[in-house]
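Written out below as structure tokens is the structure these notes cover.
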Amino acid sequence: MEMLSGADMVVRALQEEGVEYIFGYPGGSVLHIYDALFKQDKVSHILVRHEQAATHAADGYARATGKPGVVMVTSGPGATNAITGLATAFMDSIPMIVLSGQVRSDWIGDDAFQETDMIGVSRPVVKHSFMVRDPKDIPEIFKKAFYIATTGRPGPVLIDIPKDHTAPNKTFPYEYPKKVKLRSYAPVTRGHSGQIRKAVEELLKAKRPVIYSGGGVVQGEASEALTKLARKLNFPVTNTLMGLGAYPGTDRQFLGMLGMHGTYEANMAMHSADVILAAGARLDDRVTNNTKKFCPGAKLIHIDIDPASISKNVAAHIPIVGPVQQVLDEMLSMLDEQDNEPDHKALERWWQEIDGWREFHGLRYETNESGPMKPQQVVEALYKATEGKAYVTSDVGQHQMFAAQFYKFDSPRQWINSGGLGTMGFGLPAAMGVQFAFPDAVVACVTGEGSIQMNIQELSTCLQYGLPVKIININNQALGMVRQWQDMQYGGRHSQSYMESLPDFVKLAESYGHVGIKVEKFEDLEGAMNEAFALKDRLVFMDIYVDPTEHVYPMHIADGAMRDMWLSKTERT
Amino acid sequence: MRRIISILMENEPGALSRVVALFSQRGYNIETLTVAPTEDPTLSRLTMTTTGDEYKIEQITKHLNKLIEVVKLVDLTEGAHIEREIMLMKIKATGAQRAEVKRTVDIFRGQIVDVTATVYTVQLTGTTDKLEAFINAIGETQVLEVVRSGVSGIARGEKVLSL
Ligand SMILES: Cc1ncc(C[n+]2csc(CCOP(=O)(O)OP(=O)(O)O)c2C)c(N)n1
Ligand SMILES: [Mg+2]
């Protein structure tokens, strides 16, 4: 058998798993592995400027491709810097592998230099973790880690490797396992046919149905099945923040996003529904508002790969545990085999009602000819300049909600944001990951002047690797989302929600070797966008000044039902 | 409602801490916990008692099942089962009380496993209720020290929890 050092085994295992990129930052405990990486050229290492960015870049890569993102960090501070990225990936069920260095095994527990109990610190934010106790186990651990990260409900897996186990002078027999042996882990591969049949019967009887789909449909490659099912039944579809793009955003049957900042028509339709088909969505609090008042007349059919997500927040009438794609496909074939038709008459009435809601509100906002630009206008201009085809990553805040509302995503994996954890600082590194995955694609990062400063140092990484990301900084000179809550719930007392002393972002971008464009007037917006996107091989930082007083609407009224919304600063349902 | 959950899990470092952490992370409480290897040394058997309504217990079992190291799990309280707890206890035993304590130990079918001039060390096995009844019968003022193992349990009849 071939004899390899622990470090070489790590690198070989990555190669066997088909890893193209590893995002990382070196340090003492991983130097043996860095040396092994240096001697090969199959896996490219991407040097970020902060470990948090490594995790988000790997995450962006994973969200765009469906393949696991891979990260390497050193022990201690390197490892703890990766925690936010692990938590971000964990909340959104993103497949990721993080390799963290650890101090020598005989020093563990002695408070050695740069020692952190990474297994302990990361425990609540990983799907699973491994500590390498014997270098011989490295191949098996890697095989298991990749398998666990990418199957069932995906998630991040951590591998903690003590430095001595990667020493170059000690070699061990190496063989990469072909199969995984895990008696305690067997994700469901099929939904229960009886349950699926019951669900189909319910769908056919429905008079006011809504399909409510989430990130699971994107992750589970079930967009096509979902779209077919919705079209076949002529049912309205709404997506969660995580599910946007799973159903074409420009389609007539699409109601827009639902939830806290969902559209009027989506939230009204949910509240009035008699049957809700929740697919790969977890009924979280940003969607449901008060669960006791949630969709009072609806039977809930809930498809999820994770049994623990079912009936966690809202009890399901027909729970179906299984891969969402397989379950939807089976629903489709059941519909076909019996030539079943939904209740067309009732659906016609239902659509009339929905169209009435659409007309009443839609997504409107007020513009002011002489006043400042509106953030919504920026997203609309971005949509136009990119013909709706860009990968859009985002940070967290008002700009994120405007992007979700106003950019119509037609394909899954096109919209990349931190939904579950809401991590400011996610957008730029995630965009880097997407750009690495698709070098020729148009990648835009919609951000705010608050969020962008949380990982601004990555402008340097972008220069090093020539990543032509377009940064759309919707600059409202405020932590806008915080400020909105303070306007609405704290009598307008703007405690610590200013962004004062902002840098000159144009100069900043230039000093990092990029192009900066400042836009202050609406009439300049379109031209500036076109100019930026014409620079195909340059990173362009667009610093766009918008109305600091704008709010995101609709907005759920706290503790109310789905239909209880603020529609503007003065109108509510 | 009180539940006894019995878990077969990989006998690996870190597995137990994941189970325990899950409880604090998700705000569930553990009343008792016992764990030891089984006849198959690669597996541990863990028994815990917890309380919660049906919804909570369902969540607990689902989340436990999600842990990679958990191989199998059963809620023993769902069916007929046997539960036992072992208790070791030091009891003041002087003068007239010596005979009284001895009588109570006999009634509860306990054993005196160590004796000094002033103290009996008693071993008692049974359900949690029985152990508590014994402590009450002895009277708290007499009790010097109590060590309880936590509940162990097994299903009645032919049902077995194994691979
Ligand atoms: C790391 C992190 N810290 C704090 C928050 C809380 N938070 C949510 S939105 C927001 C304001 C974001 O400001 P900005 O990036 O300028 O976006 P805007 O809302 O102004 O569009 C804050 C502070 C968060 N989501 N993430
Ligand atoms: Mg802002």
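Of note:
- Checking A:Phe541, A:Phe533, A:Phe522 one by one, the residue that is aromatic (Phe, Trp, Tyr), more than 14 Å from chain B (Cβ to nearest Cβ), farther than 27 Å from A:Gly262 by Cα and more than 16 Å from ligand 1 (Cβ to nearest atom) is A:Phe533 and no other.
- Looking only at region A:419-433, residues that are under 12 Å from the mean Cα position of the chain (by Cα) and within 16 Å of ligand 2 (Cβ to nearest atom) come to 4 in all.
- Flag for A:Leu502 being more than 9 Å from ligand 1 (Cβ to nearest atom) and outside the structural domain of A:Arg282 (by TED's automatic domain parsing): yes
Here is a yes/no grid of residues against (1) farther than 30 Å from A:Ala558 by Cβ; (2) within 9 Å of ligand 1 (Cβ to nearest atom); (3) more than 14 Å from chain B (Cβ to nearest Cβ); (4) open to solvent by less than 40 Å² (accessible area, probe 1.4 Å):
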position: A:Phe426; (1), (2), (3), (4): no, yes, yes, yes
position: A:Gln435; (1), (2), (3), (4): yes, no, yes, yes
position: A:Ala444; (1), (2), (3), (4): yes, no, yes, yes
position: A:Gly450; (1), (2), (3), (4): no, yes, yes, yes
position: A:Glu458; (1), (2), (3), (4): yes, no, yes, yes
position: A:Tyr465; (1), (2), (3), (4): yes, no, yes, no
position: A:Gln477; (1), (2), (3), (4): no, yes, yes, no
position: A:Val482; (1), (2), (3), (4): no, yes, yes, no
position: A:Asp487; (1), (2), (3), (4): no, no, yes, no
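- Taken as a whole, the condition of being open to solvent by 10 Å² or more (accessible area, probe 1.4 Å) and acidic (Asp, Glu) applies to A:Glu348.
- Of everything listed in (1) modelled with pLDDT of 95 or more; (2) among the β-branched types (Val, Ile, Thr); (3) over 17 Å from the mean Cα position of the chain (by Cα), the single unmet condition for B:Ile82 is (3).
- Index of the failed condition, A:Glu265 passing every other in (1) out of contact with any Leu (no Cβ under 6 Å at 6 or more places or on another chain); (2) at negative phi: (1)
- Residue within region A:252-260 that is in a loop (DSSP other than H, G, I, E, B) and more than 19 Å from A:Trp415 (Cβ to Cβ) present: yes
- Count - residues of region B:120-163 that are outside any strand (DSSP E or B), among the polar types (S, T, N, Q) and either at pLDDT 95 or above or in the same structural domain as B:Lys102 (by TED's automatic domain parsing) (or both): 6
- Hey, A:Arg413 among the basic types (Lys, Arg), farther than 23 Å from A:Leu525 by Cβ and either buried (at least 23 other Cβ atoms within 10 Å of the Cβ) or outside the structural domain of A:Asp251 (by TED's automatic domain parsing) (or both) or not: yes
- Residue match in region B:38-52 (condition: assigned to a helix (DSSP H, G or I) and open to solvent by 30 Å² or more (accessible area, probe 1.4 Å)): no
- Test: A:Ser497 is within 25 Å of A:Ala404 (Cα to Cα), of a type in the set (Gly, Ala, Ser), within 16 Å of ligand 2 (Cβ to nearest atom) and away from chain B (no Cβ under 14 Å): yes
- Residues satisfying the stated conditions in region B:53-85, i.e. within 12 Å of another protein chain (Cβ to nearest Cβ) and farther than 30 Å from A:Ser129 by Cβ: B:Glu54
- Counted as qualifying within region A:86-200 are no strands (runs of 3 or more DSSP E), as none has 1 or more residues that are within 14 Å of chain B (Cβ to nearest Cβ) and without any contact (Cβ under 8 Å) to a residue 12 or more places away in the chain.
- Residue check: A:Val287 meets all listed conditions (1) out of contact with any Lys or Arg (no Cβ under 9 Å at 6 or more places or on another chain); (2) open to solvent by less than 40 Å² (accessible area, probe 1.4 Å); (3) within 14 Å of chain B (Cβ to nearest Cβ); (4) part of a helix (DSSP H, G or I) but one, namely (3).
- Residues satisfying the stated conditions in region B:1-44, i.e. among the charged types (D, E, K, R) and away from chain A (no Cβ under 14 Å): B:Arg2, B:Arg3, B:Glu31, B:Glu39
- Long-range neighbours under 8 Å by Cβ, at least six apart or interchain, first residue within 14 Å of another protein chain (Cβ to nearest Cβ) within region B:144-163, second part of a loop (DSSP other than H, G, I, E, B): B:Leu163/A:Arg183; B:Leu163/B:Asp40
- Of the residues making up region B:26-59, those that are touching a helix residue (DSSP H, G or I) at 6+ places or on another chain (Cβ under 8 Å) and closer than 25 Å to A:Lys144 by Cα are B:Ser44, B:Leu46.
- Contact map, region A:447-462: first residue under 10 Å from A:Asn475 (Cα atoms) and assigned to a loop (DSSP other than H, G, I, E, B), second residue at pLDDT below 95 and within 9 Å of ligand 2 (Cβ to nearest atom), Cβ cut-off under 6 Å, separation 6 or more or different chains; pairs are A:Glu449/A:Met499; A:Gly450/A:Met499.
The values are calculated or read from the model by the stated rules, or taken from the named source; none is laboratory data. It should be emphasised that the depicted structure is a prediction, and the values quoted were computed from it without experimental measurement. Here the Cβ is made from the backbone with ideal geometry for all residues, glycine too, and neighbour counts use every protein chain on show. Calculation scope for accessible area: heavy atoms of the full protein, side chains included, ligands and nucleic acids excluded. Shrake-Rupley method; radii C 1.70, N 1.55, O 1.52, S 1.80 Å.
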